[in-house]
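Novice: Following this message is one structure expressed as structure tokens.
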Amino acid sequence: MNYELFDHWEKKIFLVDMTREPDYIFSEIAKNWLKKYIKQWKKIWILVNKKWYSGWIFCKKCWFVPKCDKCSVSISYHKVNDEKIWLCHICKTQYNFPTKCEHCWSNEILEFGIGTQQIAEIIQNEFDTKVEILESEKANSTNKIDKILSSNAQVFVWTSLLNTPIKWIDFDLIVFLNADLWLNIPDYSAAKNNFYFLYDTFTNHNCKIFVVQSFNTQNYSIRTACKLSKPLFEQQDLQFRKDWNYPPFTDICIILYKNEIEERLFNKVDKLYKELLYLKEKYQMNDLEIYSTPPLIYKIFGKYRYNIILKWKDLRNFMDIVYTKLKLNQNWFKIDRQAENLI
């Protein structure tokens with residue numbers, strides 16, 4: 001059996017181990033519930049991690065992934081009236097589909113990643129039922145969401161949470177295609193975001209059946225959410241933060257610098273980094289940690305970005321010195337003195 005049942009009387013949560021499933025998109029138990037509830041004309045909500053048709057493309061020979069010229073993100077595949085459109089999801093720049101790899105000139109270009117459009121297409125073909133996609137561009141108000149949900153569709157596909165459920169509609173089945181969504185982000189708040197991603201859906205919606213598909217079923221954020229235990233999650237997450245010296249056991253400050261010219265960016269950040277190290281040594285703050293690192297997305301709208309991260313339990317005293325000595329605000333640095341994440 002590839003799943004574990006968390007029975008909460010009025011709610012049943014099936015946690016599925018996708019590493020043991022033959023199909024990486026829909027588990028067997030998810031397919032069974034879909035078949036059953038579509039026949040019974042029940043309302044179904046499927047949460048997908050990616051918008052549009054597929055996540056990105058890559059070269060099968062050298063594994064090169066084409067990225068946007070203005071943003072350091074992969075180009076996503078959209079489908080508009082059966083036409084393929086390649087688009088940067090940040091700056092919306094449109095590209096032609098590459099016929100050859102720009103690195104090795106191979107013509108083995110493949111698509112990877114499942115988006116909302118592809119999931120809707122799979123469900124329509126396999127279960128012969130109407131599917132509605134709730135996208136932020138079309139469902140950015142309560143009235144628009146009401147209109148979409150009032151259609152005669154049984155299955156609704158969306159990437160986001162309906163944190164405030166629509167009063168007149170209850171879903172009979174909610175399927176998380178990948179409950180590891182936030183865990184793939186390299187940040188100390190990833191487990192917290194992942195927990196509430198699940199927990200808020202379980203508790204806010206009057207739904208009896210949830211299918212939670214995961215490749216990491218032992219992660220504490222997933223298991224405590226399936227147990228509907230907020231205190232247990234907070235206890236385990238606090239221990240994790242204590243073990244790795246993250247807030248609230250330390251303070252974190254992030255200094256961000258942006259520039260359209262990469263060389264200027266490096267020179268500016270390198271100069272500040274050395275000045276911070278000098279002040280650390282001068283005032284003998286030996287436990288202070290200082291790192292220089294690019295953010296998760298290195299380039300956005302044509303501007304390169306770089307972070308300096310400071311971490312220490314008495315960081316406020318050091319930052320008061322930094323403001324006085326280095327005049328950061330006058331040098332186009334963006335400072336987050338109490339950063340809640342590292343992204």
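Novice: Nothing charged except the Cβ atoms of Lys and Arg (+1) and of Asp and Glu (-1): what's the magnitude of the dipole of segment 251-336 about its Cα centre? Round to the nearest 20 debye.
Specialist: Values: 16 positive and 12 negative charges, 52 e Å.
Dipole about the Cα centre, nearest 20: 260 debye.
Novice: I've got another one for you. With each run of n ≥ 4 DSSP H residues scored as -39500 (n - 2.57), what mean residue ellipticity at 222 nm is computed for the chain after dividing by its residue count and rounding to the nearest 500 deg cm²/dmol? Don't skip to the answer; put the middle values down first.
Specialist: Working: 8 runs with 101 residues, N = 343.
Counting only the DSSP helices, I get -9500 deg cm²/dmol.
Novice: Efficiency by 1/(1 + (r/R0)^6): what FRET value for D187 and Q235, r their Cβ-Cβ distance, R0 = 22 Å, to the nearest 0.05? Present the calculation step by step, with values, prior to reporting the outcome.
Specialist: Working: r = 20 Å, r/R0 = 0.92.
Efficiency computed from Cβ-Cβ geometry: 0.60.
Novice: Check the chain for me: any Cys whose beta-carbon has no other cysteine beta-carbon within less than 4.7 Å?
Specialist: So far as the 4.7 Å Cβ criterion goes, C91, C207, C226, C253 stand without a partner in the chain.
Novice: Where does the charge balance sit around P98 when Lys and Arg score +1, Asp and Glu -1, over other residues with C-beta under 15 Å from its C-beta?
Specialist: Working: positive: K60, K61, K67, K84, K100; negative: D69, E102, E108, E111.
My count for the surroundings of P98 gives +1.
Novice: Taking the DSSP beta bridges in the chain as the whole, what percent of them are antiparallel, to the nearest 5? Could you put the intermediate results ahead of the total?
Specialist: Working: 37 of 60 bridges.
Bridges in the chain are about 60 percent antiparallel.
Novice: Rank K92, K274, K303 by mean-square fluctuation in a GNM of the chain with C-alpha springs under 10 angstrom and give only the top-ranked residue.
Specialist: K274
Novice: My understanding is that a pair violates if its Cα-Cα distance is over 26 Å; which of K36/K84; K50/K268; K12/K42; K11/K42; K92/K327; K51/K268 do that in this structure? Could the numbers behind the result be given before it?
Specialist: Details: K36/K84 33 Å; K50/K268 36 Å; K12/K42 16 Å; K11/K42 16 Å; K92/K327 36 Å; K51/K268 36 Å.
Long pairs (Cα-Cα over 26 Å): K36/K84; K50/K268; K92/K327; K51/K268.
Novice: Give the shape of segment 1-117 as rounded, prolate or oblate, defined through the alpha-carbon gyration tensor: a ≥ b ≥ c are the square roots of its eigenvalues, a/c under 1.5 means rounded, and otherwise the shape is prolate if a/b is larger than b/c and oblate if not.
Specialist: Values: a/c = 2.74, a/b = 2.11, b/c = 1.30.
In terms of gyration-tensor shape, prolate.
Novice: Report the Cα-based extents of segment 254-317 along its three principal axes, largest first, to the nearest Å.
Specialist: 39, 20, 14
Novice: Tell me the net charge near K311. Cut-off is 10 Å between Cβ atoms, K311 excluded, with +1 for each Lys or Arg and -1 for each Asp or Glu. Don't skip to the answer; put the middle values down first.
Specialist: Numbers: positive: K313; negative: D251, D287, E289.
Value of the local net charge: -2.
Novice: Then there's this: If each of K31 and K100 carries a label point 7 Å out from its Cα toward its Cβ, how far apart are those two points in nm?
Specialist: Here the answer is 4.1 nm between the modelled labels.
Novice: Under 17 Å from the Cα of K60, which lysines turn up, not counting those fewer than eight places away in the same chain?
Specialist: K100
Novice: Between helix 262-282 and the chain, what is the angle of the helix's C-alpha long axis to the longest principal axis, kept within 0 to 90° and rounded to the nearest 10?
Specialist: Its long axis makes an angle of about 60 degrees.
Novice: I need the fraction of alpha carbon pairs in segment 155-288 separated by more than 19 Å, rounded to a whole percent. Display every interim value, and only then the final one.
Specialist: Working: 5704 of 8911 pairs.
Above the 19 Å cut-off, segment 155-288 has 64 percent of its Cα pairs.
Novice: Could you estimate the translational diffusion coefficient of the chain from the Stokes-Einstein equation, with Rh from the Kirkwood formula over C-alpha pairs, at 25 °C and 0.890 mPa s, in whole µm²/s?
Specialist: Working: Rh = 23.0 Å.
Roughly 107 µm²/s, to the nearest whole number.
Novice: Hey, which aspartates and glutamates would be in cross-link range of K258, C-alpha to C-alpha under 14 Å, not counting anything within fewer than 8 residues on its own chain?
Specialist: Straight-line reach from K258, under 14 Å: D270.
Novice: Right, something else. Just name one of S72, I109, T99: the one whose Cα is farthest towards the positive end of the charge dipole of segment 56-112 (beta-carbon charges, Lys/Arg +1, Asp/Glu -1).
Specialist: Of the listed residues, the answer is S72.
Novice: Follow-up question, since we're still on this one. Considering only T129, T116, T99, give the residue with the highest GNM mean-square fluctuation for the chain, with springs between Cα atoms whenever their separation is below 10 Å.
Specialist: Maximum among the listed residues: T99.
Novice: Pull up the cross-link candidates among the aspartates and glutamates for K43, meaning alpha carbon to alpha carbon under 12 Å and not fewer than 8 places away within one chain.
Specialist: The qualifying aspartates and glutamates are E132, D170, D172.
Novice: Please give the helix 230-243 orientation as an angle from the longest Cα principal axis of the chain, in degrees from 0 to 90, rounded to the nearest 10.
Specialist: Rounded to the nearest ten degrees, it is 30.
Any read-out appearing in this document is the output of simple, stated calculations on the displayed coordinates, not a laboratory observation. All figures in this text were calculated on a predicted structure; none of them were measured in a lab. Glycine gets a Cβ as well: all are built from the backbone with ideal geometry, and neighbour counts include every protein chain shown.
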